[in-house]
Amino acid sequence: MSKPPLALSSPMSSLAGIRAPDVKRLEKLGIFTAYDLLLFLPHALDAFGAVGGISGLTPGQPGAMVGVVVSAQARRTPRQGMRLTEAVVEDADGGALKAVWFNQPHLARRFPAGTRLALAGVVAASRFASGLEMRNPRWEVLAATSLMGRASPDFPGHIGSVMPRYRLTAGLTQRKVAALVEQVLPLADQMSETLPPAVRQRRGLISIGDAIRLGHRPSSELDFEMARRRVLFAELFELQVAFLVARRTLAAEEATPIPYRQDVIDAFKLGLKFELTNAQRRAIWQVFLDIQEAVPANRLLNGDVGSGKTVVAAAAMAMAHAAGLQSVMMAPTEILARQHLSSLRMSLEGTFPDLKVDLLVGGLPAAERRRVAMATASGHSAVVVGTHALIEDSIEFARLGLAVVDEQHRFGTRQREMLRRKGHGRPHFMAMTATPIPRSMVLAMYGEMAVSILDEMPAGRKRIATRVLGPEERSQAYQVVREQVAMGRQAFVICPLIEESDTVEFRAATVEYERLRTEVFPDLRLALVHGRVKDKERVMRDFSLGNSDILVATAVVEVGVDIPNASVMMIEGAERFGLAQLHQFRGRVGRGSHPSYCLLLSDEPDSADLDRLQFMVDIDDGFKLAEKDLELRGAGQLIGARQHGVTDSAMEALRNPALLNEARQEAEAVLDGDRLPQALLEAVDRRLAATSIS
């Protein structure tokens, strides 16, 4: 039975030659359908020059050539055990070049002797012999033919002078993505225009069909720039329209005003036992101005780990309680909810004797769960902290006035909306995130929210000593761990993957756990946690209670873990993570009074990796590191970006503030003018469903 013809809505699994692992990898990039793949434009062009012979190649420069494989073999390096595929290729004039691919042993079978091959990449002088070398070049197998005559420079179908470069994830290659794009490219003309004709005319933008074709298959840099500008403008335009629609919808709803009382804030500050930072004072005042209005507040608190976001939320909760209203705070994990419970009780209950803070999580005993539910419904609980248990149908609030969500990108739009609907009327809303976000990105990710930036750390916070260690320095990292555990401290070991991968051989959590447990630290207590562990909360709780010395983990410990006794964060394959994510890991230690350490281990360091990781040594400020990540890796790599329905390419457009301003101006003009085009309405609905907007 033949497959149905491809359509824009066709899932990636319906494409010819695609395997299930590749479908999963594409989903990591936000690609689920043919429509998504068409909009997944390359982020850059590689210019290799005309395809020719080896004599025309220059070390240190990009180049392209055609030749015949003389030999190809896969081997492991003796020192680090890396898999290499090496092929010797000769051209028609007798020139020879070595091509080297990392972690792709199957290519040795793909290129038997006599294979005619086109290669494109950066040329280098060979490291071990005279001659030239290309590392991880693009390749294309060509039809067999005699090399007696000089080959035409343009006969390869894909290798050429200008080649698009896509953002990838582990296991995907440029060649694989380009082949999939080739299948869906004929659908470009079926894509609907979301930009009104007048907008396209004013801004000099080409049609969406032309933009998709030229973006994926440009013949020049001008083609590529025209295509990207068209697609990026449309994405920013759709977002800005969605934000404006959300703001106007919110402005039409009503909330109970929470009046400002000086006696409440004076008592709150007196009970804190520490001085607020200027950033906290500024954010608290901004929140107070919001919640005095009858229009529901909608504010984001963006601050680094330890910047004091919970204190800002507590001040608002104290003011809500003085007005006879309840507050709720929802966190993504039970551990984080319990941490907030402890913090809020310390800052509120001692100062306001009639203010009761309760906890509601799935793991509560049935009797305690019933008690909290009754106290919440009766209004006896002034503040309730919890997890998803808060949004169950059985939970009701007497008079909910303020809803706070921590790490809101970890909740879906529906979950956040269910929490907001727990009030009789619309409660004021605050979101908190410990992921420092560059200010330009905030405009796209949270354009419907007012934003408070907590860019100042409380006095007295200790600096975390950070080091970058190569393969030969691994024993030094183990020594630091041993010394700290001997002093009664604990350590994290972070691995990039859960299990070993044939394509990317960075240390996997399961394998590393067994190796550390049996070979390196057989006398210590180790625990393992990752996304597939069923009882993650129990493992984390045991670690927090000191029942294990070392926790081997994946990125599940990135946020929401506060263990003051942990003093070492050791990160395997550090080059695999962005600076913003490494900074989040580092923030898991340094929470107690003792010195703490962050050890960045790199198995395959090159100069670019080491230069990038050095920023972690030199910079403590999460916002500065996020700006560096934006500059070096692209905005889509920053934590939380894709959860807000914003693609990598749209994030990249934020480097061009003029384009964002143009999109915002056109969005305002369209909303104030005629009826919106149907395609734009559908696009806005998708944005509203995918982003933080409700």
FRET efficiency (Q292, A459; Cβ distance; R0 35 Å; to 0.05) is 0.70
To the nearest 0.05, how large is the calculated FRET efficiency for H424 and R19 if R₀ is 51 Å and r is the Cβ-Cβ distance?
-> 0.45
Over the stretch 210-276, average the accessible area per residue using a 1.4 Å probe and give it in Å², no decimals.
-> 48
Take the cross-link list K356/K422; K3/K176; K269/K422; K98/K628; K24/K628 and give me the ones stretching past 24 Å between alpha-carbons.
-> K269/K422; K98/K628; K24/K628
Check cross-link reach from K624 to the lysines: straight Cα distance under 20 Å, and skip same-chain residues fewer than eight apart.
-> K309, K462
Quick one: which residues, 5 or more positions from L359 or on another chain, have an amide H under 5 Å from its amide H? H modelled 1.01 Å from N in the peptide plane, none for Pro or chain starts.
-> V385
Over the chain, how many percent of alpha carbon pairs lie in each 10 Å bin up to the one with the longest distance?
-> 3, 13, 21, 23, 20, 12, 5, 2, 0, 0
Please report, as a whole percent, how much of the solvent-accessible surface of the chain comes from carbon and sulfur atoms (probe radius 1.4 Å).
-> 53
For the pair A74 and D685, what calculated FRET efficiency results from E = 1/(1 + (r/R0)^6), where r is the Cβ-Cβ distance and R0 = 56 Å, to the nearest 0.05?
-> 0.65
Shape descriptor, the stretch 182-224: equivalent ellipsoid semi-axes (Cα gyration tensor, sqrt 5λ, whole Å, largest first) stand at 20, 15, 4
Share antiparallel - DSSP beta bridges, the chain, percent rounded to 5 = 40
Write out the trypsin sites (Lys or Arg not before Pro) in the stretch 1-88 meeting two conditions: DSSP loop, and at most 12 other Cβ atoms within 10 Å of their Cβ.
-> R19, R79
Dipole moment magnitude, nearest 20 debye, the stretch 308-383 about Cα centre, only Lys, Arg, Asp, Glu C-beta charged = 100
Can you list the HN-Hα couplings for the stretch 317-326, worked out from phi with the Karplus curve (6.51, -1.76, 1.60; θ = phi - 60°), rounded to whole Hz and with x for Gly and Pro?
-> 5, 4, 5, 5, 4, 5, 8, x, 10, 8
For the stretch 174-318, list log₁₀ I(q)/I(0) at each q in 0.13, 0.21 Å⁻¹, using the Debye formula over Cα point scatterers of equal strength and ignoring solvent, two decimals each.
-> -0.76, -1.26
For E253 and E221, calculate 0.36 nm times their separation in residues minus their Cα-Cα distance, and state this gained length in nm to one decimal.
-> 6.7 nm
For every other residue with a beta carbon closer than 14 angstrom to the beta carbon of S381, add +1 if it is Lys or Arg and -1 if Asp or Glu, then tell me the sum.
-> +2
Give me the orientation-averaged projected area of the Cα convex hull of the stretch 509-603, in nm², one decimal.
-> 6.2
Per-residue HN-Hα couplings for the stretch 172-180, Karplus 6.51 cos²θ - 1.76 cosθ + 1.60 at θ = phi - 60°, whole Hz, x for Gly and Pro?
-> 9, 10, 4, 4, 5, 5, 4, 5, 5
How much length is gained on full extension from L632 to K28, taking 0.36 nm per residue of separation minus their Cα-Cα distance?
-> 215.4 nm
As straight-line cross-link partners of K534, the qualifying aspartates and glutamates (C-alpha separation under 17 Å, not fewer than 8 residues apart within one chain) are E334, E499, D542
Mind putting a number on the dipole of the chain about its Cα centre? Charges go on the C-beta only, +1 for Lys and Arg and -1 for Asp and Glu, and I need it in Debye to the nearest 20.
-> 800
Where the convex hull is taken over the Cα atoms of the stretch 260-306, what is its projected area averaged over directions, in nm²?
-> 3.9
Cα→Cβ-extended label distance, 7 Å offset, between R532 and D354, nm = 5.5
Using the heavy atoms of the protein chains alone and a 1.4 angstrom probe, what is the accessible area of the stretch 562-624 per residue in square angstrom?
-> 31
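The values are calculated or read from the model by the stated rules, or taken from the named source; none is laboratory data. The structure presented is a predicted model; accordingly, all values stated were derived computationally and were not measured. Don't worry about glycine lacking a Cβ; one is built from the backbone with ideal geometry, like all the others, and counts go over all protein chains shown. To get the accessible areas, we keep the full protein, side chains included, count just its heavy atoms, and leave off ligands, DNA and RNA. Shrake-Rupley method; radii C 1.70, N 1.55, O 1.52, S 1.80 Å.
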